[in-house]
Amino acid sequence: MSDFPGWHGTTIIAVRRGGEVVVAGDGQVSLGQTVIKGSARKVRRLSPGGSEVVAGFAGSTADAFALLERLEAKLEATPGQLARASVELAKDWRTDKYLQKLEAMLIVTDGSDLFVITGAGDVLEPEHDVAAIGSGGNFALAAARGLMVGEMPAEEVARRAMAIAAEICVYTNGNLTLERISA
């Protein structure tokens, strides 16, 4: 079995438009070249300290859940400050010996801010109000960027971009989990 990075095997996209952010993720779980499950939920709504945050993850599920727990703790310590909590998580992820081994990526949003968080210590705010991660992320990103030239709502852009990614990337299926959050 080949060693490929943990984030291969999913597609997550976030689209911000019209006062809302839509985060969508496919449902396929792959182990090497075998599809293990087609209906996984890789997009979740977090409610730490009463504030709403939507997060999508690509990579190892156990690693992503560990990171989501850490993010929730950071958000409880800094309520309503997604940017600060994200930077603190990225700092810990880069410097902590245990966290450094985690193989995942996150897209997080509170409706106002939208970030991609990586294990390299990056907290990236995407250009053009679209972010995507995972093995099909570049396909979904390109499709969404092209769809953003029209007046299509965020959910429709996300759905169409994910459908295009699912047609191209063998690690992505069309079984979507979708969460919406307003600014």
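The values are calculated or read from the model by the stated rules, or taken from the named source; none is laboratory data. This structure is a prediction, so every number in the text was calculated from the model and none was measured. All Cβ positions, even for glycine, are placed from backbone atoms using ideal geometry, and neighbour counts span all protein chains on display.
For Ser47, the requirement of being farther than 27 Å from Ile164 by Cβ and not hydrophobic (A, V, I, L, M, F, W, C) is met.
Has the range 3-14 got at least one residue that is modelled with pLDDT of 90 or more, surrounded by fewer than 16 Cβ atoms within 10 Å (Cβ to Cβ) and either in a strand (DSSP E or B) or not basic (Lys, Arg) (or both)? Looking through the range 3-14, none of the residues is modelled with pLDDT of 90 or more, surrounded by fewer than 16 Cβ atoms within 10 Å (Cβ to Cβ) and either in a strand (DSSP E or B) or not basic (Lys, Arg) (or both).
Only one of the numbered conditions (1) in contact with a strand residue (DSSP E or B) (Cβ under 9 Å, 6 or more places away or on another chain); (2) of a type in the set (Gly, Ala, Ser); (3) without any contact (Cβ under 8 Å) to a residue 60 or more places away in the chain is not met by Ala104, and that is (3).
All of (1) farther than 23 Å from Ala40 by Cα; (2) surrounded by fewer than 17 Cβ atoms within 10 Å (Cβ to Cβ); (3) touching a helix residue (DSSP H, G or I) at 6+ places or on another chain (Cβ under 9 Å); (4) without any contact (Cβ under 8 Å) to a residue 24 or more places away in the chain hold for Lys97 with one exception: (3). Here is the figure for the range 23-38: residues that are of a type in the set (Ser, Thr, Tyr), loosely packed, with under 12 Cβ neighbours inside 10 Å and under 20 Å from Ile133 (Cα atoms) total 0. A search for C-beta distances below 8 Å between a residue of the range 48-62 that is more than 16 Å from Leu102 (Cα to Cα) and any residue that is of a type in the set (Ser, Thr, Tyr) and in a loop (DSSP other than H, G, I, E, B), counting only pairs 6+ apart in sequence or on different chains, returns Val53/Ser47. Scanning the range 117-138 for residues that are surrounded by fewer than 23 Cβ atoms within 10 Å (Cβ to Cβ) and among the β-branched types (Val, Ile, Thr), we see that the one that is farthest from Ile181 (Cα to Cα) is Thr118.
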